[in-house]
1. Could you grab me the full set of residues in the range 126-153 that are on the phi > 0 side of the Ramachandran plot and buried (at least 17 other Cβ atoms within 10 Å of the Cβ)?
2. Quickly run through the range 35-86 and pick out the residues that are in a strand (DSSP E or B) and of a type in the set (Lys, Arg).
3. Could you say which residue among ASP50, ASP37 is surrounded by fewer than 20 Cβ atoms within 10 Å (Cβ to Cβ) and in contact (Cβ under 8 Å) with a residue 24 or more places away in the chain?
4. Checking the conditions here, which among ARG61, ARG34 is under 18 Å from ALA81 (Cβ atoms) and not hydrophobic (A, V, I, L, M, F, W, C)?
5. Kindly state which helices (runs of 4 or more DSSP H) lie completely within the range 103-205 and contain at least 2 residues that are modelled with pLDDT of 90 or more.
6. Restricting to the range 53-84, name every residue that is in contact (Cβ under 8 Å) with a residue 60 or more places away in the chain, in contact with a Lys or Arg (Cβ under 9 Å, 6 or more places away or on another chain) and surrounded by fewer than 19 Cβ atoms within 10 Å (Cβ to Cβ).
7. Looking only at residues in the range 77-102 that are more than 30 Å from LEU9 (Cα to Cα) and touching a helix residue (DSSP H, G or I) at 6+ places or on another chain (Cβ under 7 Å), which one is modelled with the lowest pLDDT?
8. Go through the range 1-26 and give me each residue that's closer than 22 Å to GLU78 by Cα and surrounded by fewer than 18 Cβ atoms within 10 Å (Cβ to Cβ).
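The values are calculated or read from the model by the stated rules, or taken from the named source; none is laboratory data. Here the structure is a predicted model, which means the values were calculated and not measured. Please note: Cβ atoms are built from the backbone with ideal geometry, for glycine as well, and neighbour counts cover all protein chains shown.
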Amino acid sequence: MQEIREKILQTRAFQKKVVQTVLSFLARGLRICRRLDPLVQVEFDAMPEDFVLVMGVLGARHPIILQNRSTGLYRVRESFAAVCNRIPLAPPSVARHFSAGTTDPSRMLEIRFKSVEAGWRMITGQISIAQAYARHDLMIHGEIARAMQFVRCIERVEAYLLPKRMARRLRLLQEQLPNPRWRIWLQLLYAKKEEYTLQDGKEVL
């Protein structure tokens with residue numbers, strides 16, 4: 001019984017690391033598509049300047065944090081607690097961990113997978129992000145309209161990054177992509193790392 005328990009814990013630890021790695025890769029894809037894909041550009045242009053997007057597994061203290069600006073989408077390398085301290089009202093899930101206030105949907109959207117297994121299903125191509133939403137695998141703190149905008153952007157990035165057969169099975173390729181898939185992959189491999197702090201917007205390289 002102890003061996004089985006240890007095996008399960010090892011599997012979960014492995015899945016957690018892979019989910020975090022793939023989400024980080026997905027964040028890079030979002031940043032690139034923010035510049036190159038018209039659909040993604042429209043969705044992010046409709047969001048407020050300096051809008052903060054958070055995605056990760058529920059309970060994780062180091063989720064992926066992105067900030068939307070007119071000049072592009074940037075990865076925030078500060079801790080979740082530091083980001084929330086600079087936003088007066090933080091999501092309820094933050095309050096449980098950091099004694100923050102209540103949600104401010106006009107400034108932040110937080111999307112969390114309810115479990116490591118839920119994140120694993122999406123990043124391995126078993127389901128799309130929209131299907132994860134339909135299955136209630138996601139916890140969303142923020143405006144539903146903003147969440148759906150973000151989900152559409154993630155779906156477009158998945159269409160570029162997933163193998164064609166898998167993308168078709170998940171119904172992500174129902175229309176012609178405006179960019180060749182190889183162009184997005186090339187940008188992913190050679191894109192310059194751009195990271196910002198939330199306080200003053202100075203670049204941290």
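1. GLY142
2. ARG69, ARG75
3. When all the criteria are applied, what remains is ASP50.
4. The unique qualifying residue is ARG61.
5. Counting at least 2 such residues, we get 116-123, 144-161, 181-190.
6. LEU58, GLY72, ARG75, GLU78
7. Per the criteria, the residue is ALA100.
8. LYS16, LYS17, VAL18, THR21, VAL22, SER24, PHE25
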